[in-house]
Amino acid sequence: MPRPTTAQITYGSVTVVFSTLAMLLLSQTSSGVGIAVIALAALGLGLLVAMTVPLPKQPAARAARSVPVAASTGERVPGQRVAGQRDSVLADSVREPTR
């Protein structure tokens, strides 16, 4: 599970504080059960807000796109030697008919 970002923590915390204050002021409850219900509702709302904040794009996705196509597909690039092969790259690139 990825760690929450600073924005997620901030938005969630602000939501919990302001929604708790708003619900307590609007309901005008003074019982312990009412305050507990409001606090739990505010925590749930704060969690919902924190989880819906868009995540930043992953830097690994940008790094994967910068890999050359030939290297990612396993194709040989001209001039590239493969371990255990002789100079087949040179032999493949110099194909002239003999006279």
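Within the range 44-58, residues that are farther than 11 Å from ALA7 by Cα and aliphatic (A, V, I, L, M) have Cβ atoms under 6 Å from residues that are assigned to a helix (DSSP H, G or I) and modelled with pLDDT of 90 or more in these pairs: LEU45/THR15; LEU45/SER19, counting only partners at least 6 apart in sequence or on another chain. In this entry, SER27 is excluded by the filter for residues that are among the hydroxyl-bearing types (Ser, Thr, Tyr) and either exposed (fewer than 12 other Cβ atoms within 10 Å of the Cβ) or at pLDDT 95 or above (or both).
Residue-wise test of (1) of a type in the set (Phe, Trp, Tyr); (2) assigned to a helix (DSSP H, G or I); (3) surrounded by 10 or more Cβ atoms within 10 Å (Cβ to Cβ); (4) modelled with pLDDT of 90 or more.
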residue: ILE38; (1), (2), (3), (4): no, yes, yes, yes
residue: LEU45; (1), (2), (3), (4): no, yes, yes, yes
residue: VAL82; (1), (2), (3), (4): no, no, no, no
residue: ASP92; (1), (2), (3), (4): no, yes, yes, no
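The values are calculated or read from the model by the stated rules, or taken from the named source; none is laboratory data. These numbers were taken from a predicted model, which means no experiment stands behind them. Virtual Cβ from ideal backbone geometry, glycine too; neighbours counted across all protein chains shown.
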